[in-house]
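A.B. asks: Quick one: the structure is below, questions incoming.
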Amino acid sequence: MAASTLLSFSDNPVFRLYATYASAVVLKMTFVAFQTGRLRMGRKVFINLEDAFGKKELVRRDDDIERVRRCHLNDLENIPSFLVLGLLYVLTGPSVFAATWHFRAFVASRFFHTVAYLTPLPQPARLFSYMIGVVTNISMAVQVLMNGQL
Amino acid sequence: MAASTLLSFSDNPVFRLYATYASAVVLKMTFVAFQTGRLRMGRKVFINLEDAFGKKELVRRDDDIERVRRCHLNDLENIPSFLVLGLLYVLTGPSVFAATWHFRAFVASRFFHTVAYLTPLPQPARLFSYMIGVVTNISMAVQVLMNGQL
Amino acid sequence: MAASTLLSFSDNPVFRLYATYASAVVLKMTFVAFQTGRLRMGRKVFINLEDAFGKKELVRRDDDIERVRRCHLNDLENIPSFLVLGLLYVLTGPSVFAATWHFRAFVASRFFHTVAYLTPLPQPARLFSYMIGVVTNISMAVQVLMNGQL
């Protein structure tokens, strides 16, 4: 087995890249979660009675908060897939060049998607960033499948 | 360490199987996401004002689209767990036979679950397919636990 | 490569710990899913017409069931990230001591979060448990990043 297909920080630069981008995109998702909390506290808009200092009228809906939650849900639809596909893709032994650009494309697309969703930017900014992430995931999935068996 | 517990495409047929089924079920989930987008564009039913060509009246709700979204959410509740449990299960060194059937059962159950949800098929078709996926995940989790320590 | 950074049940106690806690927290999440199903059947509150024995009036909303669903969604926002960050963290070669406490803190925080959400306990019980999980994930992400490269 070539060193380049080991999941090793010391021996595999492609894995080292993957680990970095994977952590960065998870931290980005954590920022989205914190944004929801920050808006809920700042605007006093809550979803559970026990969060609302017992004031029923503060259990209500806010369009901006729902927007952040949709952004978060879109992250959940894409980022866990990337995290696992990326790891499997590392194990197919791609070149550092190909791997770098897959990871960069995905992670940049998700950072831009968050900006586009929360600003919000006019479409097709968000659609475009979303599609780059999806295409990157599909590309990695296909490369994994070409190394697999049924 | 036996070769059969390595995460290696070239040396471990069980891992090769896992990688294939994992990618396939992620691609299936991507199809569900595309189905949401296709229906939103086709029916002009949007969830953000910037998606709706600036027409407020197109920001609305559609029962069929909510159905696809529930199907997607159920995927999110089950597939990431499978992706990680499956990887850990590979590392317990199961037989090719046992692993094949675990992966096939899970992935077939999720494909069938999608068909049952989106058609929709009469119950208990969807419940049954959902339960097969959950039981497969529990089986893998238990086998991982039996190899673990606290 | 030191034995302690292998993903191996037989050779790496830190991996063995990770695998145990990862499986346990996935099983906990499965319990939350079952709780939703149990309440839906017990209270006859359904979200799809085909689940409701064809009775339209049983397709309705229940505050307690929505609460369980929010608890589940919060799991989805945190647990898949833990599963992947934990695996990458194992590969950084932490001490058994540090790893044990990271895994215990995260998994205990999620068990307690579920109890706090479903009881419900007065705040800040749920917020506190949520934050412990998030901080553990951030700590692991930072340690992975310190071993990574761009």
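The values are calculated or read from the model by the stated rules, or taken from the named source; none is laboratory data. All values reported here derive from a predicted model rather than from experimental measurement. Cβ atoms come from the backbone with ideal geometry, glycine included; neighbour counts cover every protein chain shown. Accessible surface is based on the protein model in full, side chains and every heavy atom, while ligands, DNA and RNA are left aside. Shrake-Rupley method; radii C 1.70, N 1.55, O 1.52, S 1.80 Å.
A.B. asks: Which members of region C:121-134 meet the condition of being aliphatic (A, V, I, L, M), more than 9 Å from every other protein chain (Cβ to nearest Cβ) and free of Cβ contacts under 8 Å to residues at least 24 places away in the same chain?
C.D. replies: C:Met131
A.B. asks: Name the single residue, out of those in region A:1-14 being within 8 Å of another protein chain (Cβ to nearest Cβ) and assigned to a helix (DSSP H, G or I), that is farthest from A:Leu58 (Cα to Cα).
C.D. replies: Going residue by residue through region A:1-14, those that are within 8 Å of another protein chain (Cβ to nearest Cβ) are A:1, A:5-11, A:13.
Going one step further and asking which of them are assigned to a helix (DSSP H, G or I), we end up with A:5, A:13.
Details: A:Thr5: 53, A:Pro13: 51 Å.
Per the stated criteria, the residue is A:Thr5.
A.B. asks: Restricting the first residue to region A:26-54 and requiring it to be in contact (Cβ under 8 Å) with a residue 24 or more places away in the chain, which pairs with a second residue that is among the aromatic types (Phe, Trp, Tyr) and surrounded by 19 or more Cβ atoms within 10 Å (Cβ to Cβ) meet a Cβ separation below 8 Å and a spacing of at least six or different chains?
C.D. replies: Hits for this filter: A:Arg40/A:Phe46.
A.B. asks: Going by the conditions given, is B:Gly93 more than 23 Å from A:Leu76 (Cα to Cα), of a type in the set (Gly, Ala, Ser) and in contact with a helix residue (DSSP H, G or I) (Cβ under 7 Å, 6 or more places away or on another chain)?
C.D. replies: Spelling it out, B:Gly93 is indeed more than 23 Å from A:Leu76 (Cα to Cα), of a type in the set (Gly, Ala, Ser) and in contact with a helix residue (DSSP H, G or I) (Cβ under 7 Å, 6 or more places away or on another chain).
A.B. asks: Out of B:Ser10, B:Ser23, I need the residue that is open to solvent by 40 Å² or more (accessible area, probe 1.4 Å) and either without any contact (Cβ under 8 Å) to a residue 40 or more places away in the chain or closer than 30 Å to C:Asp11 by Cβ (or both). Which one?
C.D. replies: B:Ser10
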